[in-house]
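Everything below concerns the one structure shown next.
Please treat every number below as a calculation from the coordinates, not as lab data. Just so we're clear, the structure is a prediction, and the values are computed from it rather than from any experiment. Cβ atoms come from the backbone with ideal geometry, glycine included; neighbour counts cover every protein chain shown.
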Amino acid sequence: MRCPRCGHDEDRVLETRVVQDGEAIRRRRECASCSHRFTTKEYVEGGLFQVVKKDGRREPFQRDKLIAGLARACEKRPIPRAVIEETADRIEAELARTGKAEVASVEVGQRVLEALRAMDKVAYVRFASVYLNFNDIRQFLETIEELPPPVPPRGEAGISD
C-alpha cells in the first residue's frame, strides 16, 4: 500500500479489524519510510449487481457514486463523513442481500431517500428535489409538509408558567 504522505510503497500493518458486519476489513498501517500512520479498508470488489438506469442502460453498482450523492445532499450539514459512509455501506449491503443481479436505479434512489429522511430533513429535501426532479416551489412545499414535525428539545414542550 502506498503511503498517502510520502508515496513510499512499503508499510507494516499495526492492526486488522473486521468491520461493517464482516463486509470489510479495516487495517491500521505505518509507513516504513516516514512512519506516517494511516487507515485502509478492504471491500469485496464491486460488480455484485448491475444498476438499471431509467433509460434502460446498465452499469455496475458504484459505491463511490452512492457516497457522492449522499455527501452532496449532506453538504454543509452537521453529518460526519463516517455516518455518510456507514449509510452507503448499509444501502449497498441491503441491495446485495436481495440477491438480484440487476437493481433499478429507482430502488437505489428510494433507499437513499429513506435513509436521508431519517438522518437529516434538509439533506432529504435537497436529495428529493434532484431525484424527484422538482419543477416548482410547490413541490418543495409539499415535500416539506409531508415531513413529521420537529421534536422540541427536552424540557421545552408543554411547559407553561
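To the nearest 10 degrees, how steeply does helix 105-119 sit against the main Cα axis of the chain, on a 0 to 90 scale?
80
How do Val130, Val112, Val103 rank when sorted from fewest to most other Cβ atoms within 10 Å of their own Cβ? Write out the running numbers ahead of the final one.
Working: Val130 12, Val112 22, Val103 18.
Neighbour counts put them in this order, fewest first: Val130, Val103, Val112.
In whole Å, how far is the Cα centre of region 80-110 from that of region 1-69?
16
I want to verify the translational diffusion coefficient of the chain in µm²/s; compute it with Stokes-Einstein, Rh as the Kirkwood radius over Cα pairs, at 10 °C and 1.306 mPa s.
Numbers: Rh = 18.7 Å.
Rounded to a whole number, D works out at 85 µm²/s.
Quick one: which residues, 5+ away or cross-chain, put their amide H under 5 Å from the amide H of Val103? H built at 1.01 Å from N.
For Val103, the qualifying residues are Gln50, Val51, Val52.
In debye, nearest 20: dipole of the chain around its Cα centre with unit charges on the Cβ of K, R (+) and D, E (-)?
Values: 29 positive and 28 negative charges, 93 e Å.
Its charge dipole is roughly 440 debye.
Take Arg97 and Lys65, extend 7 Å from each Cα along the Cα→Cβ direction, and tell me the distance between the two endpoints in nm.
Rounded to a tenth, the inter-label distance reads 2.4 nm.
Nearest 10 degrees, 0 to 90: what angle lies between the long axis of helix 121-131 and the longest principal axis of the chain (Cα atoms)?
With rounding to tens, the tilt is 90 degrees.
Under a plain spin-label model, where a point goes 7 Å from the Cα along Cα-to-Cβ, how far apart in nm are Val83 and Ile144?
2.1
Got the relative contact order for the chain handy, in percent, Cα pairs under 8 Å and 6 or more residues apart?
Details: 177 pairs, mean separation 22.8, N = 161.
Answer for the chain is 14 percent.
Among 135-148, 80-93, how do they line up from the highest to the lowest mean number of other beta-carbon atoms within 10 Å?
Working: 135-148: 10.2, 80-93: 16.4.
The densest-packed peptide leads the list: 80-93, 135-148.
List the residues of region 56-84 whose backbone N lies under 19 Å from a point placed 7 Å from the Cα of Leu48 along the Cα-to-Cβ direction.
Within reach of a label on Leu48, which here means backbone N under 19 Å from a point 7 Å along Cα→Cβ, region 56-84 contributes 59-70, 83-84.
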